[in-house]
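A short write-up of the structure that comes next.
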Amino acid sequence: MQQHKYLIIGGGIVGLATAYQLMQTQKDVEVLVLEKEKDIGEHQTGHNSGVIHSGVYYKPGSSKALNCIAGYQMMIDFCTRYEIPFKICGKVIVATEKEELEGLQKIYNRGIENGLKGLKILSKEELKEKEPHVNGIQAIWVPQAGIINYKAVAEKLKSLILENGGRVICHAPVQSITSDEAGWMVSTGDQEYNAHTVITCAGLYSDRLARMTDPAFDLKIIPFRGEYYTLKPQAHHLVNTLIYPVPNPNFPFLGVHFTSMIGGGVEAGPNAVLAFGRESYSWKTFNAVDVLESLAYSGFRKLAYKYWKDGAYEMKRSLSKQAFVQALQKLIPAIKSEDLETGGAGVRAQAIDRNGNIVDDFLFHSGNNILHVVNAPSPAATSSLSIGKTIADRINN
């Protein structure tokens, strides 16, 4: 049986970027990527809004801030080199009422601390110059923000891995990870693979894989579905760039926003509702094992108690198009229900601790020649090349 130097579990953009960076730092190294689906990037990579994040929101010095800012430039350089379409269009973060001005200022201050250049506080009149249809009393202009198709990036990473002698195997769901004197044995049920070092980048299943090698690992992934509408062509003129609200400080998501897409068109959303399964992309999909696992976890129950009002509002917006439209009208009053049609959805893998706290940073859990990426929500796609390099540097040292 072939012994691989590195075995990576997860063929999303983080796993592929990690394989790519390992092969950049070590020539002729054996790298194998296992992916449970029929193709790469089938979940978070292929279901996000395609935004290149600037790093304006994240706590200075945090793993999110450091990797997002470094990863931003690495992503742009990578896409420029390999002619992957992207656009740096900028975005506005909009305060629509006085109570949001303090939060807006905090975001601006974080952006400055994180080294962003060209940030500007916009008056109501200056905001109208950039986004004539947006309702706001003040805003931040973030020139670095952009748009891209991350599935296209993942496909290019895969091709580069294969060109340089790596392997990517799909239809390979991992059933167990065990260790012996020779290293690690990864079983997919019908096949077994040996490796010196294992790196798991399993997104929605990261906690389960971590517990395969450390049964005491206590964080839990809770899946939150984000649902989108798309603007019909007659409403495209209402949006020029990316339009975001000031995030609700009582709820750990960015709020519904408008996103111009690299392939054309405009998305509106997402909301954030508890998904009834780790791959539950609609209300019609229910996984009893996943739901019972979430309900049995004390951290989830504490989280639900803490945010039940916000959660109920998110659920209302999911079930009522009119409620969703009303949230969008806070930013663009001219939006009407007939301007929107049902779009796609994604499921965010969010780690929660036993006290009901949302893990707010990228998180790695490591042992003897094994490393688990256990929390990598947004901006992980933007940060992916930097996360991969961080892992490669950590392993090489």
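The values are calculated or read from the model by the stated rules, or taken from the named source; none is laboratory data. Note that this is a predicted model, so its numbers are computed, not measured. Heads up: the accessible areas ignore ligands, DNA and RNA and are worked out on the full protein's heavy atoms, side chains in. Shrake-Rupley method; radii C 1.70, N 1.55, O 1.52, S 1.80 Å.
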- Message: Give me log10 I(q)/I(0) at q = 0.12, 0.13, 0.17, 0.23 Å⁻¹ for segment 127-260, Debye formula, one equal scatterer per alpha-carbon, no solvent.
- Response: -0.80, -0.87, -1.08, -1.48
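Before anything else, pin down the relative contact order of the chain: Cα pairs under 8 Å, at least 6 apart, normalised by residue count, whole percent. Mind showing how you got there, number by number?
On the way: 862 pairs, mean separation 98.2, N = 397.
Computed over the chain, the figure is 25 percent.
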- Message: Going by amide H atoms built from the backbone, whose H comes under 5 Å of the H on LYS232, apart from near neighbours?
- Response: LEU340, GLU341
- Note on the structure: Using alpha-carbon coordinates alone, the radius of gyration and Dmax of segment 338-397 in Å work out to 15.9, 57
- Task: Please calculate how many Å² of accessible area the chain carries per residue, with a 1.4 Å probe and no DNA, RNA or ligand atoms counted.
- Result: 43
- Round to a whole angstrom and tell me the spacing of the C-alpha centers of segment 154-184 and segment 257-293. 27
- Item | Note, ³J(HN,Hα) from phi for segment 107-120, Karplus 6.51, -1.76, 1.60, rounded to Hz, x at Gly and Pro | 5, 4, 4, 4, x, 5, 4, 7, x, 6, 9, x, 4, 8
- Message: Report the Cα-based extents of the chain along its three principal axes, largest first, to the nearest Å.
- Response: 67, 47, 37
- Gyration tensor (alpha-carbon) shape descriptor, segment 98-170, a/c threshold 1.5: prolate
- Item | At 0.692 mPa s and 37 °C, Stokes D of segment 44-90 from Kirkwood alpha-carbon radius, µm² per second | 279
- Item | Heavy-atom accessible surface of segment 143-208: percent carbon and sulfur, 1.4 Å | 46
- Task: Step through the residues of segment 205-216 one at a time and calculate ³J(HN,Hα) from phi using the Karplus curve (6.51 cos²θ - 1.76 cosθ + 1.60, θ = phi - 60°), rounding each to whole Hz and writing x for Gly and Pro.
- Result: 10, 4, 5, 5, 5, 4, 6, 5, 10, 9, x, 7
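First check a/c for segment 1-106, with a ≥ b ≥ c the square roots of the eigenvalues of its C-alpha gyration tensor; if it is under 1.5, answer rounded, and if not, answer prolate when a/b is larger than b/c or oblate otherwise. Intermediate values should be presented prior to the final figure.
Working: a/c = 2.30, a/b = 2.24, b/c = 1.03.
Prolate, since a/c reaches 1.5 and a/b exceeds b/c.
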- Task: Search the structure for amide H atoms under 5 Å from the amide H of LYS87, placed 1.01 Å from N in the peptide plane, and list their residues when 5 or more places away or on another chain.
- Result: ILE147
- Quantify, in whole percent, the carbon and sulfur part of the accessible surface of segment 279-397 (1.4 Å probe; protein heavy atoms only). 54
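How large is the helix-only mean residue ellipticity at 222 nm for the chain, computed as the sum of -39500 (n - 2.57) over DSSP H runs with n ≥ 4, divided by its residue count, in deg cm²/dmol to the nearest 500?
Values: 11 runs with 130 residues, N = 397.
One gets -10000 deg cm²/dmol as the mean residue ellipticity at 222 nm.
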- What list of ³J(HN,Hα) values in whole Hz, one per residue of segment 256-271 in order, does the Karplus curve 6.51 cos²θ - 1.76 cosθ + 1.60 (θ = phi - 60°) give from phi, with Gly and Pro shown as x? 5, 8, 10, 10, 5, 9, 5, x, x, x, 9, 9, 10, x, x, 7
- Message: Students often get this wrong, so check it: of LYS130/LYS309; LYS64/LYS91; LYS59/LYS158; LYS156/LYS389; LYS87/LYS120; LYS91/LYS336, which have C-alpha atoms separated by over 28 Å?
- Response: LYS130/LYS309; LYS59/LYS158
